[in-house]
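See structure below.
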Amino acid sequence: MFDNLSDKLEATFKKLAGQATINEINIGIAMRDIKRALLNADVNYKVAKKLVDDIREKSLGEQVLKSVSPAQMIVKIVNDELTDLMGGEHQPLNLSPKKLPAIIMVAGLQGSGKTTFCAKLAKRLKKNGKNPMLVAADVYRPAAVDQLRTLGEQVDVPVFSIDEQDAMKAAVKGLEAARLAAKDVVIIDTAGRLQIDEKMMAEAEALKHALKPDELLFVVDSMMGQEAVNTAKAFNDRLDFDGVVLTKLDGDARGGAALSIRQVVEKPIKFISVGEKVDDLDLFYPDRMAQRILGM
Amino acid sequence: QGKTEIDEEFLEELEHILVGADVGVETTLSIVDAITERAKRESYRSAEELNRMLMEEIQQMLLDSGEHYPIDFDAPLSAKPYVILVVGVNGAGKTTSVAKLAYNYEKAGKKVIIAAADTFRAAAYEQLKIWADRAGVPLIGQGQGADPASVVYDAVSSAVSRNSDVVLVDTAGRLHNKSHLMEELAKIMRVAKKKIPEAPHEVLLVLDGTTGQNAVSQAREFTRFVNVTGLVLTKLDGTSKGGIVLSISRELNLPVKYIGVGEKIDDLQLFDRARFVEALLGRQE
Ligand SMILES: Nc1nc2c(ncn2[C@@H]2O[C@H](COP(=O)(O)OP(=O)(O)OP(=O)(O)O)[C@@H](O)[C@H]2O)c(=O)[nH]1
Ligand SMILES: Nc1nc2c(ncn2[C@@H]2O[C@H](COP(=O)(O)OP(=O)(O)OP(=O)(O)O)[C@@H](O)[C@H]2O)c(=O)[nH]1
Ligand SMILES: [K+]
Ligand SMILES: [Mg+2]
Ligand SMILES: [Mg+2]
């Protein structure tokens, strides 16, 4: 079995080598390979289809048709196309210097890695000379507050929480506490929620309106399959988030969901999470992600 | 006279539905082949008949979960205590599923004990403690940083002396490509056997229902290190269909036993193949 697109394409073109020229028909076979590779990497099938149509168009150019190694040429086209779709350059956090404290709110599906990310981000900001506070606005998950507290201790950042099951109150009071303590950044952890859970989505929306975060980050598990697109779209429709955090990239998932999300919501991926420890946070690099999706 | 050909449009739509439900390309193509063959062989008279054939084909790809291990909570268990190890990648829903299983066994009149063998994640014990209290069952743990194998040994010993029926072991989330963490699971298995040679009697692999193709790799690696006997597919209350279990069933012969359909303690259901396939094909809400 081939799990590397470039090997697979080489093999496809070798098989076709007997046929005098590379033409539309055998380009078609290569396109089928590319589409399968994308689907196997969890790129959404609608996104994959559109992508392959674009790649076909480009591959039919003179250069590829006359090339001695059409497979290499096509792989390059695919790679460039993907990198492009991933958003070109890295995009940093955008924290307003005027408003103090700057506010970062984190949202996403259950178990995606939000709470862990909040602690990692706090650690990173602190290292960069900021003075952050963490706020526990997940008032539902059993021991969510304890989890954030434990992580807060690990990164040596104070954690604000209340004893009531009221996310809004926790967030608003947390913000007040941060102001009083002269913190310059507040990171607000929220409960995991399904995009079809109206009550929970309304809560997230209300939090956004009350807090007016500088950065609202959508956290998504890189192992996610075809529904990543609809999920991201629904969160974006409700929350108009500013960026995406892709987690659990220390696994072996290709992470095609990232491409689909990027394509459908047009929001930059800002961070990647690469482990369970508080230091396991990296910036997102589009070219690396493109190569990972292609298995290169 | 029945038809023996299926029109392209139907097959194309089927392909989209299946791929869109995370069934994966290979398995989708094999389903398309199977239904095409079957139509040729048997012929069909109406769209309903074709759909019925399709459902049957897909259902056949899923193992019957009742076969080897009791799935129903009322059923008598083959050993006492019956040790169930719950494993899976990070955030899949292991701890919540342990709580739901404990609740169901307890409700069925069995005496349950939970082992807190996730000694790694922040507040893992505190989370499980809240759940154990809700389920009304005792929890055995040693606190953060302790050796998980030793927690399991304690829990199994305690179950023997308390005359418990079921021991549910919650383990830390681990990605299947991290060999040291997978070795740790194998060690937990070995230590459980020291007290009860046949333990664990069941190993449930918890899969997040939103997971795409990577779930196959998860199932493959977990079965390599521990003797996985069944799957728990969680978060099916969302919009994902969990179609990847078809590929897992096909490749690894693992039955889905339970599904998670929410965050509450009673949000666990026995896996029902027919209903699952109906939902997969979008024939039902
Ligand atoms: N391997 C790995 N594990 C991660 C990563 N990020 C988070 N985790 C783990 O994933 C699990 C879930 O992480 P949480 O931070 O609790 O996720 P969450 O989104 O806050 O979960 P809920 O609050 O329940 O919705 C935990 O076991 C984390 O340790 C990552 O990048 N890699
Ligand atoms: N909607 C929904 N959420 C679920 C379901 N099962 C678990 N969850 C949620 O998913 C998140 C993670 O669940 P846990 O049980 O902590 O997952 P875990 O596998 O034990 O996580 P780690 O121990 O960190 O690896 C929590 O927010 C749960 O409430 C389910 O069936 N449906
Ligand atoms: K997950
Ligand atoms: Mg959380
Ligand atoms: Mg857990």
Residue-normalised value, i.e. accessible area per residue, for the protein assembly as shown at 1.4 Å probe, in Å², stands at 42
Can you tell me the 0 to 90 degree angle between the C-alpha axis of helix A:24-40 and the longest principal axis of chain A, rounded to 10?
30
Taking the Cα atoms of chain B, report the difference between the largest and smallest coordinate on each principal axis, in whole Å and largest first.
68, 38, 32
Counting DSSP beta bridges in the protein assembly as shown, what percent are antiparallel, to the nearest 5?
15
Accessible-area composition of the range A:147-296, carbon plus sulfur, in percent [1.4 Å probe]:
46
Would you compute the Debye intensity of chain A from its alpha-carbon atoms alone, equal scatterers and no solvent, and pass along log10 I(q)/I(0) at q = 0.11, 0.12, 0.14, 0.15 Å⁻¹ to two decimals?
-0.67, -0.76, -0.94, -1.04
If I compute solvent accessible area with a 1.4 Å probe over the protein chains, what percent of it on chain B is carbon and sulfur?
46
Full extension between residue A:66 and residue A:288 adds, at 0.36 nm per residue less the Cα distance, a length in nm of 77.0 nm
Pop out the Kirkwood hydrodynamic radius of the range A:1-153 from its pairwise C-alpha distances, inverse of mean 1/r, in Å to one decimal.
19.5
How big is the A/B interface in buried accessible area, both sides summed, 1.4 Å probe, to the nearest 100 Å²?
3100
Relative to the longest principal Cα axis of chain B, at what angle does helix B:47-61 sit, 0 to 90 degrees, rounded to 10?
30
Lysines with Cα under 19 Å of residue A:15, excluding same-chain neighbours fewer than 8 positions away
A:35, A:66
Just give the residues from the range B:76-91 buried by at least 20 square angstrom of accessible area in the all-chains context relative to the isolated chain, probe 1.4 Å, and say none if nothing qualifies.
B:90, B:91
Efficiency by 1/(1 + (r/R0)^6): what FRET value for residue B:157 and residue B:187, r their Cβ-Cβ distance, R0 = 22 Å, to the nearest 0.05?
0.85
C-alpha long axis of helix B:124-135 to longest principal axis of chain B, angle in °:
80
Where does the range B:98-248 land on Rg/Rh, using Cα atoms and the Kirkwood Rh?
0.96
How long are the semi-axes of the equivalent ellipsoid of the range A:74-172, defined as square roots of 5 times the Cα gyration tensor eigenvalues? Whole Å, largest first.
32, 18, 13
Report the semi-axes of the equivalent ellipsoid for the range A:156-200 in whole Å, largest first, where each axis is √(5λ) for an eigenvalue λ of the Cα gyration tensor.
24, 12, 9
Bridge orientation stat for chain B from DSSP, antiparallel percent rounded to 5, came to 15
With the Cα gyration tensor of the range A:179-296 in hand, give its eigenvalues times 5 under a square root as the equivalent ellipsoid semi-axes, listed largest first in whole angstrom.
25, 19, 12
What's the Kirkwood radius of the protein assembly as shown in Å, using all Cα pairs?
25.2
Quick one: net charge around residue B:40, please, counting Lys, Arg +1 and Asp, Glu -1 for every other residue with C-beta under 12 Å from its C-beta.
-1
Counting all Cα-Cα pairs in the range B:195-259, those more than 18 Å apart amount in percent to 32
Evaluated at 37 °C and 0.692 mPa s, the Stokes-Einstein D of the range B:1-138 based on the Kirkwood radius over Cα pairs, in µm²/s, stands at 174
Apply the Kirkwood formula to the range A:129-179: the hydrodynamic radius equals the inverse of the mean of 1/r over all pairs of different alpha-carbon atoms; give it in Å with one decimal.
11.1
Checking buried surface per residue: for the range A:252-296, which residues lose a minimum of 40 Å² accessible area in the protein assembly relative to the chain alone (1.4 Å probe)?
A:252, A:276
To the nearest 10 Å², what's residue B:44's accessible area with a 1.4 Å probe?
10
Give me the one-decimal nm value for the distance between modelled label points at residue B:274 and residue A:84, 7 Å along each residue's Cα-to-Cβ direction.
5.2
Accessible area of the range A:50-122 belonging to carbon and sulfur atoms, whole % at 1.4 Å probe
53
In this model, which of A:130/B:264; A:46/A:126; A:123/A:169; A:98/A:173; A:50/A:270 are farther than 31 Å apart at the alpha-carbon?
A:130/B:264; A:46/A:126
Determine the residues within the range A:126-153 where the difference in accessible area between the chain on its own and the full set of protein chains amounts to at least 40 Å²; count protein heavy atoms only and use a 1.4 Å probe.
A:141, A:142, A:143, A:147
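The values are calculated or read from the model by the stated rules, or taken from the named source; none is laboratory data. Being a predicted model, the structure only gives us computed values, none of them experimental. With ideal geometry, Cβ positions are generated from the backbone for all residues, glycine too; neighbour counts draw on all protein chains shown. Calculation scope for accessible area: heavy atoms of the full protein, side chains included, ligands and nucleic acids excluded. Shrake-Rupley method; radii C 1.70, N 1.55, O 1.52, S 1.80 Å.
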